[in-house]
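Chemist: A single structure is presented below for examination.
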Amino acid sequence: MTKPRLWITRRLSDATLERAARDYDVVVNYDDTPGSAADLIAASHEFDAIIPCHSEHFTAEVVAQFGERLKIVANHSVGVDHCDLPALKARGIAVTNTPDVLSDATAEIAMLLMLGAARHAVAGDRIVRTGAWDSWSPAFMVGKQVTGARLGIIGMGRVGQAFAAKARGFGMDIHYHNRRQVSEAEAQGAQFHDTVESLLGVADFLSLHCPATPDTVDLMNSERFAMLPQGAVVVNTARGALIDEDALMAAIDSGQVMAAGLDCFKVEPGGNPDFAAYDNIFMLPHIGSATTRTRDAMGFRALDNLDAFFKGETPGDKL
Ligand code: DGY
């Protein structure tokens, strides 16, 4: 039987690529450069399936130029804000994502960012590394303690719950806002707030775990930063679109926000060059899910979805 033709847009884990090569007629972009609009359009004529990452943008304009061959976009990501879902659906192209398997890795990065932002990781690392550490004082690099502090989580889905579980281990008092109140088994005692505004008022630490949609663009704007307790710490491992970056810098300048930990930016790759002046913005280059175990699990989950689709079944993660 002829194997379906599959294009893999980026350098996925070795285990994923081996399995893909066994089961599909696969072409891998070993250059590992993001697929352009022209690449995606060309691929839609030549391949039955694509496994892309969030670096490939399936806009309505691109999808409108697709050929007839492409049947499924099996994303290697949980976020699908890079896909115009109605446009793909209108073309009859199935779309899947990879939920669950990256929740712990992303929650770990959120914890790293929260602690690093609260405890001056950027400045501390630099003064030791550069040999500039020439004195010590009890007034030196005094940070903000997480133990016993109130943590506000926006988006109590899988990643939000995984982060809450880790924060519980640090003795934090957990509050959340979500479109719907989650079950008690999922909340594990976290207190529900039915509005973002109510949550912000108690968020000594705030962590964003909701998707980027037209409704959540600039969710954290100047009005909302002003609602946080004085000296709050803000963490974002979800999407850069959620934060008005100028408003964040203004909130840091005014002291409303003490520090931020960011894995996501409005412009990626690259980030916001203006953030470089702020030692109290601890930054990472969108690596929340970048562990060996999680990369394998994401790749396998994308392949599981493809396997189901080509067996004539509904993929488990069909959107
Ligand atoms: C995701 O899965 O959405 C991560 O941000 C990596 O793409």
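The values are calculated or read from the model by the stated rules, or taken from the named source; none is laboratory data. Here the structure is a predicted model, which is why all the values come from computation and not from measurement. Neighbour counts run over all protein chains shown; Cβ positions are idealised from the backbone, glycine included. Please note that ligands, DNA and RNA were not included when accessible areas were found on the heavy atoms of the full protein model with its side chains. Shrake-Rupley method; radii C 1.70, N 1.55, O 1.52, S 1.80 Å.
Chemist: Using a probe of 1.4 angstrom, how much of the accessible area of segment 103-283 is carbon and sulfur, in percent?
Modeler: Numbers: 4430 of 8300 Å².
Ligands and nucleic acids excluded, carbon and sulfur give 53 percent.
Chemist: Just to be sure I understand the model, the point goes 7 Å from the Cα along the line to the Cβ. What's the resulting residue 125 to residue 91 distance in nm?
Modeler: Once both label points are built, they end up 4.0 nm from each other.
Chemist: Subtracting the Cα-Cα distance from 0.36 nm times the residue separation, let me have the gained length for residue 292 to residue 194 in nm, one decimal. Could you put the intermediate results ahead of the total?
Modeler: Details: separation 98, 0.36 × 98 = 35.28 nm, distance 3.71 nm.
Full extension from residue 292 to residue 194 adds 31.6 nm.
Chemist: If DNA, RNA and ligands are ignored and the probe is 1.4 Å, what is the ranking of 68, 186, 46, 56 by accessible area, most exposed first? Don't skip to the end; give the middle numbers.
Modeler: Working: 68 150, 186 65, 46 90, 56 0 Å².
Correct descending sequence by accessible area is 68, 46, 186, 56.
Chemist: So how far apart, in nm, are the two label points at residue 30 and residue 266 if each is 7 Å from Cα heading toward Cβ?
Modeler: 3.9 nm
Chemist: Using +1 on the beta carbon of Lys and Arg, -1 on that of Asp and Glu, and nothing else charged, what's the dipole of the chain about the Cα centre, debye to 20?
Modeler: Numbers: 28 positive and 41 negative charges, 129 e Å.
Here the size comes out at about 620 debye.
Chemist: Picking from 118, 90, 15, which is most flexible by a Gaussian network model of the chain using Cα springs under 10 Å?
Modeler: 90
Chemist: Residues of segment 56-85 with amide nitrogen under 18 Å from the 7 Å Cα-to-Cβ point of residue 179?
Modeler: 78-85
Chemist: Can you give the extra length, in nm with one decimal, that the chain gains between residue 135 and residue 18 once fully stretched, where that is 0.36 nm per residue apart less the Cα-Cα distance? Walk me through the numbers on the way to the answer.
Modeler: Numbers: separation 117, 0.36 × 117 = 42.12 nm, distance 5.32 nm.
Going from the current span to full extension adds 36.8 nm.
Chemist: Projected onto the charge dipole of the chain (+1 at Lys/Arg Cβ, -1 at Asp/Glu Cβ, origin at the Cα centre), which of 209, 164, 288 gives the Cα projection farthest towards the positive end?
Modeler: So the residue furthest toward the plus end is 164.
Chemist: Per residue, how many Å² of accessible area does the chain show with a 1.4 Å probe? Please list the in-between numbers first.
Modeler: Working: 14860 Å² over 319 residues.
I get 47 Å² per residue for the chain.
Chemist: Then there's this: With all protein chains present, how much of the accessible area of segment 1-86 (probe radius 1.4 Å) comes from carbon and sulfur, to the nearest whole percent?
Modeler: On the way: 2100 of 3990 Å².
Ligands and nucleic acids excluded, carbon and sulfur reach 53 percent.
Chemist: Antiparallel versus total DSSP beta bridges in the chain: what percent is that, nearest 5?
Modeler: Details: 1 of 39 bridges.
DSSP beta bridges in the chain are roughly 5 percent antiparallel.
Chemist: Can you return the aspartates and glutamates within cross-link range of residue 266? Criterion is Cα-Cα under 17 Å, with same-chain partners fewer than 8 residues away left out.
Modeler: Output for residue 266: 56, 81, 215, 218, 244, 245, 246, 274.
Chemist: Taking the Cβ of residue 149 as the center, what net charge do the other residues with Cβ under 15 Å away carry, scoring Lys and Arg +1 and Asp and Glu -1? Write down the numbers at each step before the final one.
Modeler: Values: positive: 119, 144, 150, 166, 168; negative: 173, 204.
Taking every other residue near residue 149 into account, the sum is +3.
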